[in-house]
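Data first, discussion second: the structure below is written as structure tokens.
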Amino acid sequence: MSIERSTELLRLALPWMSRQRAGLHPVSYAVWFDYVAQTNPPLRAAIDEQLAREGALDEFATQALFTRHVADVDPDTAQRVVDHMQRVLGGIGESAGATGAHAARYAATLAQLAAALVRGDTAGGIQDPAGLARNVPAPRQLADVVAEVIADTGTMRSQIGGLQQRLADSRREIERLRDEVRRAREDALRDSLTGLSNRRAFDQALAALLTAPASPSPAVGARDARAAIDAAKTPAASRPPAVGPAPLPAGDGRGPWLLVTDIDRFGRVNEAHGREFGDQVIKAVAEALLTLVPAGATLARVDGEAFGLLAPGLDAAAALLLADRVRAHIGSARIHRPGREDTERVTLSVGLARARDGEAPQGLLERAGAALRQAKAAGRDRVVSAG
């Protein structure tokens, strides 16, 4: 994001921040920055709901929104960012304060000079007329005051230059802190075992997908054609038919599709070969699934041995084809057992569902989950579509 865009978002965020019952601090800024940037739909929805109910956000609500929707940053990282931000702002304040104090003295000197020039007294010196009756030092000569003004001008230029440098340094430091927070946020949305998106990132992607405006239906491309050819080459015996409790949607069924899948009988794998081998199986399945993800889709590890795939813009035939490719690809692979030469066959069951107009994320997840359970009950290693 450019500095200009960041500045514009800051300008938009500050009025929102000032209207709340929470302090102006980095956590509040992060919440409202994401809100005005419109990059976090779940956060915007939660804030809008809170504002409609309470009218403003207090400290507790702001912190809760940050923790849930912005960044699960570890406490050390969060404290380090806050400390650095406070030092940056403190440094700017000290520089601005010093410049302001000198500016006040400079203004007083200029006022004396202006008064003398107004009186037309360029030889008798400069003195406040109200001080003539008081016991005060002798007035200064105009030439001395002009020399002082010139000297103060140089000092002011130096201090302003110093303040500009501090501001430039502070901007770089804030950019560095923002990068650190961005990396922490990315880590908070990544599964540590597989490197895929985690459940939180998946939930955000699902919410964003279901709230996005519908786009025109694209034509079936070369990727779908290649997938059909690959599927046709697969022996029929290794392709159990996809079954489902309902017919395919009317028309071509194009829209966001959700695939949920998990590894069949994974508990037995862990019991027989140990947790470490089980983790290797999960990583191997994740790597294999990555090779099948269509452009624009989101793949995530949503639970222990469970994965979710969000695929926007597919028609019903392409979605079913993708689900069966996922099942067949994993089922054709073999994983070596630890300390042995023989291999372990791993299979997946897949539940498939298309998002309905206006459907909430939980409803789509429940339908896809029900299809997955039916695939398990029907014998595993198969695809079930909920339509």
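The values are calculated or read from the model by the stated rules, or taken from the named source; none is laboratory data. Source: prediction; values computed, not measured. We place every Cβ from the backbone using ideal geometry, glycine too, and count neighbours over all the protein chains shown. In case anyone asks, the SASA skips ligands and DNA or RNA and just uses the protein heavy atoms, side chains included. Shrake-Rupley method; radii C 1.70, N 1.55, O 1.52, S 1.80 Å.
Some observations on this one:
- Quarter of the Cα convex hull surface for the stretch 343-387, i.e. its orientation-mean projected area (nm²): 3.4 nm²
- When you filter the trypsin sites (Lys or Arg not before Pro) in the stretch 3-53 for DSSP loop state and at most 15 other Cβ atoms inside 10 Å of their Cβ, you are left with ARG19.
- With a cut-off of 10 Å between beta carbons, the residues surrounding LEU348 carry a summed charge of -1, where Lys and Arg count +1 and Asp and Glu -1.
- Length available on full extension from ARG373 to LEU290: 0.36 nm per residue minus the Cα-Cα distance, which gives 27.5 nm.
- Estimated vicinal HN-Hα couplings, Hz - the stretch 351-367 in sequence order (Karplus 6.51, -1.76, 1.60; Gly, Pro = x): x, 10, 8, 9, 5, 8, 4, x, 6, 7, x, 4, x, 5, 4, 5, 5
- GLN38 versus ALA212: modelled label distance in nm, points set 7 Å from Cα along the beta carbon direction: 1.5 nm
- Using the Cβ-Cβ distance between LYS283 and ARG176 with R0 set to 45 Å, the FRET efficiency works out to roughly 0.85.
- Each Lys or Arg adds one and each Asp or Glu subtracts one; over the other residues with Cβ under 12 Å from the Cβ of ALA371, this totals +4.
- Exposure of LEU65 as accessible area (Å², to 10), given a probe of 1.4 Å and all protein chains: 20 Å²
- Inter-label distance for GLN362 and TYR29, nm, one decimal - labels placed 7 Å from Cα along Cα-to-Cβ: 3.6 nm
- Placing pseudo-labels 7 Å out from each Cα toward the beta carbon at ALA147 and THR347 gives an inter-label distance of 10.0 nm.
- When all protein chains stay in place and ligands, DNA and RNA are ignored, the 1.4 Å accessible-area order of ILE160, ILE47, largest first, is ILE160, ILE47.
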